[in-house]
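Asker: Attaching a single structure in structure tokens format; questions to follow.
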Amino acid sequence: MTTPQQTATRPRSMGVRHISNSAKSSQNWKFNRPRQQREATHIPRPPNRKRSSSRNRLLIQPEVSKLQNLFIQSNYFPKSTIIDNEVYSVSSAPFTEKEGRQHASSCSQKDLQYRDESPARKSSCCSNSKILKVKKEKKIAIRRAIEDINRHLNDDKRKAKLVQACTEFDHWDDTRHNIELNKGAANVLALALTMTQDEDEIQTICAGLEMVFRATQTAVYAAYTKIGSSATPWLLQIITRAEKGKLKHADLIILNITKIFFYWSRVPEVRMPMIQHSGMVEMLIRVPDLASPDAKSARMRLIANLVNSDESKIFFLGGMDLLESILRIAVIDTVEEARRCASIIIMDLAACPGNQVTLAKNDRVLGALVKLAVKDDIPETRETAIAGLQNLAFCQDNRTRLVTFTNGVVLDALKRILSTDTDDKSRRRAAGALINMACEDTAEQMGNHKGLLETLAVVARKDKSNHVQSRTAMALTKIATHIEKEMDCYKTLMDALVVASLSNERNAISQVLRVKARCPQNRYSMARHPGILDTLSDICLAPEYEIKDRENAMRAIMHLTNEDSNRKIMCQQTILNVLVTGAELEGSKWCDFSESAIVAMERLATEHSNRPVMGRHTGLLSVVAKVTEREQKEEDAGTEANHERLAKPLLMILLLAL
């Protein structure tokens with residue numbers, strides 16, 4: 001039962017008329033009859049009878065019913081539309097007022113039982129109601145604009161209604177554009193385009209279509225499936241006439257139609273159907289002839305979108321005319337945005353494996369990419385041009401072609417980019433292109449290219465970007481993998497590896513040196529090359545290096561001691577300090593590192609003149625003694641050794657030498 005306090009604080013439902021008790025008693029005879037009779041005579045429900053969610057029904061439901069009636073009254077529009085990002089399906093017949101009341105009464109009373117009547121809540125509700133009111137007004141205005149065009153398609157008011165509609169459509173709210181497309185704006189405008197020869201109206205209709213297709217991809221795709229196949233031939237015919245100067249407002253018409261195609265091309269499913277329309281490719285080929293920079297840029301963006309699918313990449317390269325137009329834009333055009341799009345297009349074409357060999361054989365393609373990569377002022381244009389070279393170098397059949405093209409002009413361009421370009425992404429792409437180019441067939445030519453190895457070494461050590469450092473070091477190590485001692489660039493490579501090893505960024509220099517030291521014919525020259533032994537020693541002792549890198553360096557020292565002629569020159573304080581430090585380390589993670597140090601000591605001790613020096617070296621005998629004790633414990637415990645136990649014989653040899 002409701003308490004007096006509750007009755008006093010309960011808000012009245014808006015729109016509900018309150019009647020005195022005397023009035024109620026005088027009207028009771030009307031409501032004691034059966035429900036069917038009351039509904040038949042259209043007598044309103046008594047205001048004193050409790051109704052669920054009366055406030056919400058009286059405020060909202062009549063507007064919903066009116067909006068639904070608007071959808072149903074016109075057969076031109078669909079019976080399902082998107083409102084506020086939700087799909088509302090409308091039945092085949094509009095709601096009557098009685099059905100609307102029943103629909104609202106079916107709402108759960110439990111959901112409306114608790115209401116926050118605080119000032120903040122009231123302010124929020126007021127704000128939300130204003131927003132809903134504005135949205136409703138916008139939807140009604142959109143509906144009215146479309147209906148006005150549809151109503152006056154065949155009379156003198158058509159031009160004025162088209163201008164008014166464009167005023168309503170000219171905004172950048174994609175939610176409103178979604179509503180416009182869903183309510184049939186594109187359909188009406190496309191129909192009007194087929195019914196007029198007035199050049200002013202054609203320009204207005206093209207502008208209107210461009211406006212409404214600023215919607216999201218989902219809405220654009222839905223509209224394209226309805227009018228795309230029928231509207232495209234008309235648009236192509238009009239843009240062709242405009243490019244020939246046969247229409248007024250030619251520049252605006254060309255720009256608007258190009259933008260319409262661009263909005264369509266953002267939908268992946270639409271690209272191939274668009275390309276296959278008769279006259280579409282011919283329209284794209286004419287892009288260098290456009291005088292307007294905006295139209296030229298828009299059409300290049302359109303081509304870039306159309307190329308961005310596997311089927312279209314092969315399709316476009318089938319006829320070389322479009323490629324020639326793109327190369328003209330890339331090489332000689334003064335519009336920066338057009339050149340940027342040309343660079344993107346070539347990059348996308350080069351990403352298709354079926355196109356890579358064909359593009360690499362085209363001198364104009366390589367020349368355009370090199371020019372864009374080195375000289376263009378826009379960083380993104382340079383980056384995408386370098387990415388195009390990187391894509392072409394991914395194909396093994398293209399690598400020799402790229403390295404030898406015009407006496408190494410591609411290598412010169414990449415070297416210059418690495419050393420002078422201020423854009424991190426461009427330098428990283430250049431290093432990636434060199435990584436792709438490096439292989440067994442091209443390594444010697446790349447190593448002999450003037451200044452390339454030195455540039456890679458310096459960039460791998462000093463570049464401000466860690467990513468550029470690591471990728472450049474990777475390019476250097478990949479080239480080094482295939483360079484042999486007999487090659488002219490071998491000494492230059494060793495110098496580059498020494499410099500690159502000083503980088504603070506992790507790289508595979510120690511691994512390359514280990515692989516080189518494993519080869520017997522390299523050991524003599526490596527042990528005598530300035531900086532190699534110091535580099536290996538620094539890597540072994542530096543705690544900032546990872547264990548794997550330090551282990552690779554120790555293995556490289558061990559391999560170098562296998563050469564008889566190296567043992568005397570390697571018995572020096574720097575190397576002995578490294579071996580003592582390595583042998584002293586214990587633990588499973590240092591097992592290989594320690595064993596390699598003991599093996600290297602044992603091999604140095606095979607040279608008789610080294611034994612007194614080793615025996616007198618600080619800490620060496622004590623470390624060997626500890627290792628001997630450790631090996632003895634392992635042997636007593638029955639632990640199998642990966643290598644022969646050398647510490648005890650080594651200790652005996654050194655003690656005898658003393």
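All of the numbers you see were taken from the coordinates with simple rules; none came from a lab. Here the structure is a predicted model, which means the values were calculated and not measured. Heads up, the Cβs are rebuilt from the backbone with ideal geometry, glycines too, and the neighbour counts pull from every protein chain shown.
Asker: Is there a quick way to get the dipole size of region 489-609? I mean about its Cα centre, with the Cβ of Lys and Arg at +1 and of Asp and Glu at -1; what is the value in debye to the nearest 20?
Answerer: That gives region 489-609 a dipole magnitude of about 440 debye.
Asker: Then there's this: Taking the mean number of other Cβ atoms within 10 Å as a proxy for protection, how do you rank 359-366, 193-200, 560-567, 379-386 from highest to lowest?
Answerer: With the highest mean Cβ count within 10 Å placed first, the list reads 379-386, 560-567, 359-366, 193-200.
Asker: For region 232-286, build the charge dipole from Cβ charges (+1 Lys, Arg; -1 Asp, Glu) around the Cα centre, then report which of 253, 268, 235 sits farthest towards its positive end.
Answerer: 253
Asker: So between residue 138 and residue 528, what do we pick up on full extension, going 0.36 nm a residue minus the alpha carbon distance?
Answerer: 132.1 nm
Asker: Here is a follow-up. Within 10 Å, count the other beta carbons around each residue, average over each peptide in 159-170, 464-475, and list them highest first.
Answerer: 464-475, 159-170
Asker: Estimate the FRET efficiency between residue 198 and residue 172 by the formula 1/(1 + (r/R0)^6), using the beta-carbon distance for r and 30 Å for R0, to the nearest 0.05.
Answerer: Computed FRET efficiency for residue 198 and residue 172: 0.60.
Asker: So, one more: All other residues with a Cβ under 15 Å from the Cβ of residue 420 taken together, and with Lys, Arg as +1 and Asp, Glu as -1, what is their net charge?
Answerer: Neighbourhood net charge equals +1.
Asker: With a sphere of radius 14 Å drawn around the Cβ of residue 163, what net charge do the other residues whose Cβ falls strictly inside it have (Lys, Arg +1; Asp, Glu -1)?
Answerer: -3
Asker: Label points 7 Å out from Cα along the Cβ direction at residue 357 and residue 409: separation in nm?
Answerer: 2.4
Asker: List, in order, the whole-Hz ³J(HN,Hα) value for each residue of region 204-221 obtained from phi through the Karplus relation with A = 6.51, B = -1.76, C = 1.60 and θ = phi - 60°; use x for Gly and Pro.
Answerer: Result, ordered by residue: 5, 5, 4, 5, x, 4, 4, 5, 5, 8, 7, 7, 6, 4, 4, 5, 5, 5 Hz.
Asker: For the pair residue 588/residue 246, report the inter-label distance in nm, with labels modelled 7 Å from Cα in the Cβ direction.
Answerer: 8.3
Asker: Right, another one. So, with +1 on the Cβ of K and R and -1 on the Cβ of D and E, and no other charges, what is the size of the charge dipole of region 322-409 about its Cα centre, to the nearest 20 debye?
Answerer: With only Lys, Arg, Asp and Glu charged at Cβ, the dipole is about 320 debye.
Asker: First check a/c for region 232-315, with a ≥ b ≥ c the square roots of the eigenvalues of its C-alpha gyration tensor; if it is under 1.5, answer rounded, and if not, answer prolate when a/b is larger than b/c or oblate otherwise.
Answerer: Since a/c reaches 1.5 and a/b is larger than b/c, the shape of region 232-315 is classed as prolate.
Asker: Between residue 568 and residue 606, what is 0.36 nm times their sequence separation minus the Cα-Cα distance? Round to one decimal in nm.
Answerer: That pair, residue 568 and residue 606, stretches by 12.7 nm at full extension.
Asker: Give the calculated FRET efficiency between residue 294 and residue 272 to the nearest 0.05, with a Förster radius of 22 Å applied to their Cβ-Cβ distance.
Answerer: It comes to 0.25.
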